[in-house]
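These notes concern the structure reproduced below.
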Amino acid sequence: MEYTHHYDSPFGGITLACDGVALTGLWFDGQKYFGASLSRDHEQRELSVFEQADRWLDLYFSGREPDFTPALSMKTTPFRKAVWEILLTIPYGRTMTYGEIARRIAEEKGLSRMSAQAVGGAVGHNAISLIIPCHRVVGTNGSLTGYAAGIAVKEKLLRLEKADMDDEGCRVI
């Protein structure tokens, strides 16, 4: 059974999902791929994992870096999971390019190269956004490209984290 919970953020409503133990989803309401990994059979319930996630979100939206990560359960393909695990290593207030992630995946798998577009697809389908920080991934030239909740939200999140931004977008730092 899956459970859901709603959180009101300064950037819009957020729906969270869990399996009773760990988060399985976190989406801005109405974003692209909203609830894609959520089973039809779910109910709204207050659970300790949601309390922990709310605490994380409260810290995050207050402009502070949370010093913990709620329990996560990545229900996805092995490739997407590998990409999402790299996203978890991007420090607060920093960015990484799709190409850098592709190079890391290729290195880990012993491949000569990996497609940045394939990485982009995996990043775009991140089911636990914010906590798995897909908003910290930028284009090769540091441009703010692609975000399921929209580029405006991505920019607000990076500004909240005080990422190195300029008039042209976000520079990779």
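Results, tabulated for the structure shown:
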quantity: Any hit, the range 79-87, residues being out of contact with any helix residue (DSSP H, G or I) (no Cβ under 8 Å at 6 or more places or on another chain), modelled with pLDDT of 95 or more and not aromatic (Phe, Trp, Tyr); calculated: yes
quantity: Near pairs, Cβ below 7 angstrom, 6+ apart or cross-chain, from the range 145-158 (assigned to a helix (DSSP H, G or I)) to any residue that is hydroxyl-bearing (Ser, Thr, Tyr) and buried (at least 18 other Cβ atoms within 10 Å of the Cβ); calculated: Val153/Tyr147; Lys154/Tyr147
quantity: Every pair of residues 6+ apart whose Cβ atoms lie under 6 Å, when the first sits in the range 26-49 and is modelled with pLDDT under 85 while the second is in a loop (DSSP other than H, G, I, E, B) and among the small types (Gly, Ala, Ser); calculated: Gln31/Ala148; Gln31/Ala149; Lys32/Ala148; Tyr33/Ala148; Ser37/Ala127
quantity: Unmet requirement for Pro70, which otherwise passes all of (1) part of a loop (DSSP other than H, G, I, E, B); (2) of a type outside the set (S, T, N, Q); (3) farther than 30 Å from His6 by Cα; (4) open to solvent by less than 40 Å² (accessible area, probe 1.4 Å); calculated: (3)
quantity: Failed item, numbered, when Lys75 is tested on (1) open to solvent by less than 40 Å² (accessible area, probe 1.4 Å); (2) outside any helix (DSSP H, G or I); calculated: (1)
quantity: Out of Asp58, Asp54, Asp67, sole residue that is in contact with a Phe, Trp or Tyr (Cβ under 7 Å, 6 or more places away or on another chain) and within 23 Å of Lys156 (Cα to Cα); calculated: Asp54
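Rundown of residues vs (1) open to solvent by 20 Å² or more (accessible area, probe 1.4 Å); (2) within 19 Å of Asn126 (Cβ to Cβ); (3) within 14 Å of the chain's Cα centre (by Cα); (4) among the β-branched types (Val, Ile, Thr), yes/no style:
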{"position": "Glu2", "(1), (2), (3), (4)": "no, yes, no, no"}
{"position": "His6", "(1), (2), (3), (4)": "yes, no, no, no"}
{"position": "Leu16", "(1), (2), (3), (4)": "no, yes, yes, no"}
{"position": "Val21", "(1), (2), (3), (4)": "yes, no, no, yes"}
{"position": "Leu47", "(1), (2), (3), (4)": "yes, no, no, no"}
{"position": "Ala53", "(1), (2), (3), (4)": "no, yes, yes, no"}
{"position": "Tyr60", "(1), (2), (3), (4)": "no, yes, yes, no"}
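The values are calculated or read from the model by the stated rules, or taken from the named source; none is laboratory data. Everything numeric in this text was worked out from a predicted model, so none of it was measured. Don't worry about glycine lacking a Cβ; one is built from the backbone with ideal geometry, like all the others, and counts go over all protein chains shown. Note: areas computed on protein heavy atoms with side chains; ligands, DNA, RNA excluded. Shrake-Rupley method; radii C 1.70, N 1.55, O 1.52, S 1.80 Å.
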